[in-house]
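The values are calculated or read from the model by the stated rules, or taken from the named source; none is laboratory data. Note that the coordinates shown come from a computational prediction; the quantities given were computed from them, not determined experimentally. Here the Cβ positions follow ideal geometry from the backbone for every residue, glycine too, while neighbour counts run over all protein chains shown. Remember, those area values only see protein heavy atoms, side chains included, never the ligands or the DNA or RNA. Shrake-Rupley method; radii C 1.70, N 1.55, O 1.52, S 1.80 Å.
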Amino acid sequence: MARALSDSDARILVVERGDFVPQEDENWNPSAVWRQLRYQTPEQWIDDRGQSFRPYTHYNVGGNTKFWGSVLYRLRREDFQETQHFDGVSPAWPIDYETLAPYYERAERMYHVRGEVGEDPTEPPRGPFPYPPVPHSAGMSEIVLKLRAQGLHPSALPLGVLRPGEPDGCILCNTCNSFACRIHAKSEADICGIRPAMQRPNVTLWTNARAERLITDPAGGKVVAADIERDGRMMRVEAERFVVSCGAVNSAALLLRSASDRHPSGLANSSGLVGKRYMAHLATMMQGFHPFRPNLTVFQKTVAINDFYLRGPGTTYPLGQIQSQGRTHGVMAQIVVPWIPLWAYDAWVSRGVDWLVMSEDLPSEDNRVTVERDGRIRLEYRPNNVAPHRHLVKETARILRRLGFWLVVKHSHGNRNTTHQCGTLCFGTDPRASVLDPLCRAHDVENLFVVDASFFPSSAAVNPGLTIAAQALRVADHILSHKP
Ligand SMILES: Cc1cc2nc3c(=O)[nH]c(=O)nc-3n(C[C@H](O)[C@H](O)[C@H](O)COP(=O)(O)OP(=O)(O)OC[C@H]3O[C@@H](n4cnc5c(N)ncnc54)[C@H](O)[C@@H]3O)c2cc1C
Ligand code: SF4
């Protein structure tokens, strides 16, 4: 949003509760990232049983994109339509794929997305990627051939990395997903969005500045100011327009904290849906091991299998997606079962190939964000649509065994996996059944937009980032063409 609006004459203030992630050796240190949780927020949220937990989320310039794996997918065309799933209906979006397609194209250019057209059986209609795909390593090339021999259609994962192979570019290392890029070669919102926007004199960034609440005019139809705690001091900032982009959990929390006489159950909440319909994907990490076959691949995250995205096997329901993952580090594995020594884990993971299996969860009003009296966030989430995910995990295990792996193991963070949080302020045409309109403007508040993962009416089963960016560019275009 900030970058797209920065070319106009609007004066833009970006308010970020965190700071810049420092460029330091720890960026790529698995112990710092996984054991000391150096970059993760220390904040505690409460789950549906009232137990505290530390969410896997990051408050810093660029948000969670700073730590993402940069897999930048367009939603499939079918994701925009109503789809019957095992556990219920995945609702239609108020816009279709064709509406977002030109903005996907712009977002892919902005985020330097690399990929290959024509390999993926679920690919929506599209032109060429702006950059060629990241090549598979020798080991992954062999796996791709063997997957094809199984009758599957492996495709190149669309990835955002900057200038691989060039002197100042991405070195295709094994510390990408979950790590900040030490050399700023990852496509993420700090590098591709905020820093270029900051080159413009009309853009100001406040770091360590947390939006506490939004204040409306007496009639409640317009936001007039935001209360912001900056470096420990409270201040009030007035503006013509407000764009909330705090992430799906924190944007909902901000609107709930902004309750007033005119909006007693939270700002923009006449539908009663603010904070509800939280989704996060069902995700399981899997590894195939072979004791005598060391995995020599460094950058492993290049392969996708979408054969079961829309249906089956053995069922008419969608199952989801399989992606190769970044390499697991011994330290990461040791966190799951700490009594096994690190050397054993290192030996183990050096013979493993890592995969992520991801399925769609469905919007349910019982899955929701609320704010406790003391200000803490409560996240109630009971995963649904679990059977298709289990089916996909089983199918993936079968595929991995057919690839020759002796042992297949799996791990899931279950209902505490907040990485793909979305859906808490869904967009739609009916103000009774959605919080935002199709251009992400609050139905109830004329100058309030929310542009982040909150607007998703369904979670689909591909990574959400590119869709958030594409919609942000679309909303920015709308705002620029409707200046006050
Ligand atoms: C380890 C990891 C890997 C991932 N991999 C991928 C991937 O490969 N592909 C993909 O598409 N997605 C991936 N994701 C998910 C992706 O990062 C998120 O979907 C995306 O960042 C969501 O964007 P957002 O704008 O909704 O929220 P965020 O990125 O969370 O940004 C919200 C921003 O708002 C700030 N903020 C919050 N509250 C306030 C407040 N009250 N006042 C001021 N500022 C506030 C935060 O500090 C943050 O900067 C991954 C996520 C993680 C954690
Ligand atoms: S160098 Fe490339 S692979 Fe390594 S963290 Fe940076 S962007 Fe990711």
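For this structure, a couple of remarks:
- Whole-Å distance, taken between Cα centres, linking region 390-436 and region 219-239: 37
- Mean projected area (nm²) of the alpha-carbon convex hull when region 376-422 is viewed from all directions: 4.4
- Computed with a 1.4 Å probe over protein heavy atoms only, the accessible surface of region 134-180 comes to 43 Å² per residue.
- Using the Cβ-Cβ distance between residue 148 and residue 41 with R0 = 45 Å, the FRET efficiency computed as 1/(1 + (r/R0)^6) comes to roughly 0.60.
- Protection proxy ranking, peptides 273-286, 142-155, 303-316, average beta carbon neighbours within 10 Å, highest first: 273-286, 303-316, 142-155
- With both labels modelled 7 Å from their Cα along Cα-to-Cβ, the residue 52 to residue 119 distance reads 4.6 nm.
- Entries in 186/301; 276/394; 276/410 that, when Cα-Cα distance is taken, lie over 19 Å: 276/394; 276/410
- Interatomic Cα distance distribution for region 113-216, bins of 5 angstrom, percent: 2, 9, 14, 16, 16, 14, 10, 7, 6, 4, 2, 1, 0
- Highest mean packing comes first when the peptides 445-455, 366-376 are listed by Cβ atoms within 10 Å, giving 445-455, 366-376.
- Within-13-Å neighbourhood charge of residue 466 [Cβ basis; K, R +1; D, E -1]: +3
- A straight Cα-to-Cα reach below 19 Å connects residue 66 with the aspartates and glutamates 16, 19, 24, 25, 26, 43, 108, 168, 188, 190, 452, residues fewer than 8 places away in its own chain not being considered.
- Ordering of 107-114, 338-345, 217-224, 239-246 by burial proxy (mean other Cβ atoms within 10 Å per residue, highest first): 107-114, 239-246, 217-224, 338-345
- Placing dummy labels 7 Å off each Cα toward the beta-carbon, the span from residue 373 to residue 204 is 3.8 nm.
- Estimated FRET transfer efficiency when R0 is 60 angstrom, pair residue 195-residue 292 (beta carbons, to 0.05): 0.80
- Rolling a 1.4 Å probe over the protein heavy atoms gives region 4-73 an accessible area of 45 Å² per residue.
- Whole-Å distance, taken between Cα centres, linking region 93-148 and region 1-77: 24
- Label zone at residue 240 (point 7 Å along Cα-to-Cβ), backbone N below 20 Å, region 464-484: 473-484
- Here the Karplus curve 6.51 cos²θ - 1.76 cosθ + 1.60, taken at θ = phi - 60°, turns the phi angles of region 46-59 into couplings of 10, 8, 5, 9, x, 8, 6, 8, 8, x, 7, 8, 10, 10 Hz, with x standing for Gly and Pro.
- With R₀ fixed at 22 Å, the C-beta to C-beta distance from residue 19 to residue 260 puts the FRET efficiency at about 0.10.
- Most simply put, region 87-235 has about 95% antiparallel DSSP beta bridges, counting only bridges with both residues inside it.
- Computed helical MRE - 222 nm, the chain, DSSP H runs ≥ 4 contributing -39500 (n - 2.57), nearest 500: -6000 deg cm²/dmol
- Spacing of the modelled spin labels on residue 344 and residue 430, each 7 Å from Cα toward Cβ, amounts to 5.6 nm.
- Net charge of neighbours whose Cβ lies under 15 Å from the Cβ of residue 33, counting Lys and Arg as +1 and Asp and Glu as -1: +4
- Between residue 412 and residue 7, full extension at 0.36 nm per residue minus the direct alpha carbon distance yields a gain of 141.5 nm.
- Sparse packing (at most 11 other Cβ atoms within 10 Å of the Cβ) combined with a DSSP loop state is found for the following trypsin sites (Lys or Arg not before Pro) in region 387-438: 432.
- Of 348, 34, the residue with the largest accessible area leads and the full order is 348, 34 (1.4 Å probe).
- GluC sites (Glu not before Pro) within region 65-98, DSSP loop, no more than 14 other Cβ atoms inside 10 Å: 82
- Long-range tail of P(r) for the chain (Cα pairs > 28 Å, %): 51
- Amide hydrogen neighbours beyond the local backbone of residue 384, cut-off 5 Å, H modeled: 362
- Taking every DSSP bridge with both residues inside the chain, close to 85 percent are antiparallel.
- Kirkwood's formula applied to the C-alpha pairs of region 264-354 gives a hydrodynamic radius of 16.7 angstrom.
- Normalised by 2.2 N^0.38 Å, with N the number of residues, the alpha-carbon radius of gyration of region 7-60 equals 1.59.
- Carbon plus sulfur fraction of accessible area for the chain, probe 1.4 Å, in percent: 52
- Region 166-250: radius of gyration over Cα atoms, expressed as a fraction of 2.2 N^0.38 Å: 1.49
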